[in-house]
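Novice: The structure under discussion is supplied below as structure tokens; questions concerning it will follow.
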Amino acid sequence: MYCRPGCAACCTAPSISSPIPGLPGGKPAGVACPQLDQALRCRLFGRPERPAVCTGLRPSAEMCGDNRDQAMLWLSRLERQTRP
């Protein structure tokens, strides 16, 4: 499965605890990553600065649903369930 253009739910809903260029303390849940461009594509895709958690996250039918709203709901729920 490929990422849905203009979605970026996986770059918004989850928190990221590792440093990201522009957010040295990581990214809080529900905040869009500062590395998203105008088309909601990752500026770090394929670069070594991209956090490992982002590189390891793969789109799936379950996670992405039929649209961005469904993806945001699924990822937000996962974020809450895995909160320390």
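The values are calculated or read from the model by the stated rules, or taken from the named source; none is laboratory data. All values reported here derive from a predicted model rather than from experimental measurement. Note that we place each Cβ from the backbone using ideal geometry, even for glycine, and neighbour counts take in every protein chain shown.
Novice: For region 50-82, name all the residues that are among the aliphatic types (A, V, I, L, M), exposed (fewer than 13 other Cβ atoms within 10 Å of the Cβ) and over 26 Å from Gly22 (Cα atoms). Talk me through it step by step, then tell me what you get.
Specialist: Filtering region 50-82 down to residues among the aliphatic types (A, V, I, L, M) leaves 52-53, 57, 61, 63, 71-73, 75, 78.
Okay, now just the ones that are also exposed (fewer than 13 other Cβ atoms within 10 Å of the Cβ), so 52, 61.
Hit for region 50-82 is Ala61, nothing else.
Novice: In region 32-43, what residues are loosely packed, with under 14 Cβ neighbours inside 10 Å and out of contact with any strand residue (DSSP E or B) (no Cβ under 7 Å at 6 or more places or on another chain)?
Specialist: From region 32-43, those loosely packed, with under 14 Cβ neighbours inside 10 Å are 32, 34, 37-39; that's our starting set.
Ala32, Asp37, Gln38, Ala39, listed by residue number.
Novice: Then there's this: Among the residues that make up region 64-72, is at least one of them basic (Lys, Arg) and modelled with pLDDT under 95?
Specialist: If we filter region 64-72 for residues that are basic (Lys, Arg), which is where we start, we get 68.
From what is left, the residues that are modelled with pLDDT under 95 are none.
There is no residue in region 64-72 that is basic (Lys, Arg) and modelled with pLDDT under 95.
Novice: Here is a follow-up. On the basis of being exposed (fewer than 15 other Cβ atoms within 10 Å of the Cβ) and not aliphatic (A, V, I, L, M), does Gly46 make the cut?
Specialist: Values: exposed (fewer than 15 other Cβ atoms within 10 Å of the Cβ): yes; not aliphatic (A, V, I, L, M): yes.
When the stated conditions are applied, Gly46 passes them.
Novice: Tell me which helices (runs of 4 or more DSSP H) are completely within the chain and hold 3 or more residues being without any contact (Cβ under 8 Å) to a residue 60 or more places away in the chain, or say none if there are none. If you could, list the steps in order and put the result at the bottom.
Specialist: Numbers: elements: 52-56, 61-64, 68-81.
Passing ranges, in order: 52-56, 68-81.
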